[in-house]
Amino acid sequence: MKNVKVLMMALVAIPLLLASCHPKKQVTKDTKPAPADSMEQVAFLQKVNENVSKSQFVTSKLKFTVEYGPQQVSLTGNLKMKRDDVIRLQLMAFGFVEAGRIEFTKDYVLIMDRINKQYLKAPYSHISFLRNSGINFYTLQALFWNELFVPGRQSVDQNALNRFTASLGDEEVVISLEEGKMNYSWLANEKTGRINMANIAYRDQFKGNTQLNWDYRAFTKLGAKPFPSDMGITLTTPEKEVKLGVKLTYMGNESEWETRTTVSDKYREVTVDEILRRFMAL
């Protein structure tokens, strides 16, 4: 059961720590970014933006792995997503008992610890570092769906694409977007337009550097488009580095499931600070 709790806290800590992101190593290249008005850049960014799955529902069995320091944990679970509505991660103990649930909706984050019967439910607007960085449900959705994103926005239209730069001229193209002190980068294949890596970073000379790196290691065809089926996620802070692996199997488009979880009165509510304190104490 300890393994379940450790993995849950690692998964929860990633979205909660995103707003303090500061980089150790960002996606960089020597190639100069193409000018904002470059027709070649516009065409490439459009190709990347259109190279996404159109599935409304994505469901899958999955395997979680987490590494922090010398410790490694591996668990199974389920992933259920509905486009523009919800992302749900269910963690299983002994392969068949749900031990924890993490649910990201458009309006709030819900974390349930079924072992200790406690939960956290907080609107994005109540978590200051998420609010201030413009990171919300749609940012997390874009990371799972292998898409470009603009913090605080639901989708990336043509006007939003004009804010990106692309270092064309090589097999792998670096796409960048700067928002104040935040830097967002993607590494995409020039021929296919498929994103192979995403990076969210922020540099703070006083508090230290933090970054989130999201690698797409394999894809499986889901509908007309390939969908990421093996993802490596690394969160690096001045105090810790946490590595998560997410492998999807038996992927499908099941739609007959409740998209919202109801919390029983038997569960005790905990705070964001309490979750983070437990994670940092691991």
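I'd like to check something: does segment 141-162 contain any residue that is modelled with pLDDT under 85, farther than 22 Å from ASN213 by Cβ and outside any strand (DSSP E or B)?
no
Applying the set (1) free of Cβ contacts under 8 Å to residues at least 40 places away in the same chain; (2) under 14 Å from the mean Cα position of the chain (by Cα); (3) open to solvent by 20 Å² or more (accessible area, probe 1.4 Å) to GLY232 leaves exactly one unmet item: (3).
State whether one or more residues within segment 173-186 are in a loop (DSSP other than H, G, I, E, B) and open to solvent by 40 Å² or more (accessible area, probe 1.4 Å). The answer is yes, given that some residue of segment 173-186 is in a loop (DSSP other than H, G, I, E, B) and open to solvent by 40 Å² or more (accessible area, probe 1.4 Å). For TYR108, the conditions (1) aromatic (Phe, Trp, Tyr); (2) modelled with pLDDT of 85 or more; (3) buried (at least 18 other Cβ atoms within 10 Å of the Cβ) all hold with the exception of (3).
Based on this model, can you work out whether GLY223 counts as of a type outside the set (S, T, N, Q), open to solvent by less than 40 Å² (accessible area, probe 1.4 Å) and either touching a Ser or Thr at 6+ places or on another chain (Cβ under 9 Å) or farther than 20 Å from PHE64 by Cα (or both)?
no
Condition check: at pLDDT 95 or above and open to solvent by 60 Å² or more (accessible area, probe 1.4 Å). Does LYS247 satisfy that? Yes; evaluated as a whole, the condition is true for this residue.
The values are calculated or read from the model by the stated rules, or taken from the named source; none is laboratory data. Predicted, not measured: the structure shown is a model, and the values here were computed from it. Cβ sites come from the backbone with ideal geometry, for glycine too, and all protein chains shown count toward neighbours. For accessibility, only protein heavy atoms count, side chains too; no ligands or nucleic acids. Shrake-Rupley method; radii C 1.70, N 1.55, O 1.52, S 1.80 Å.
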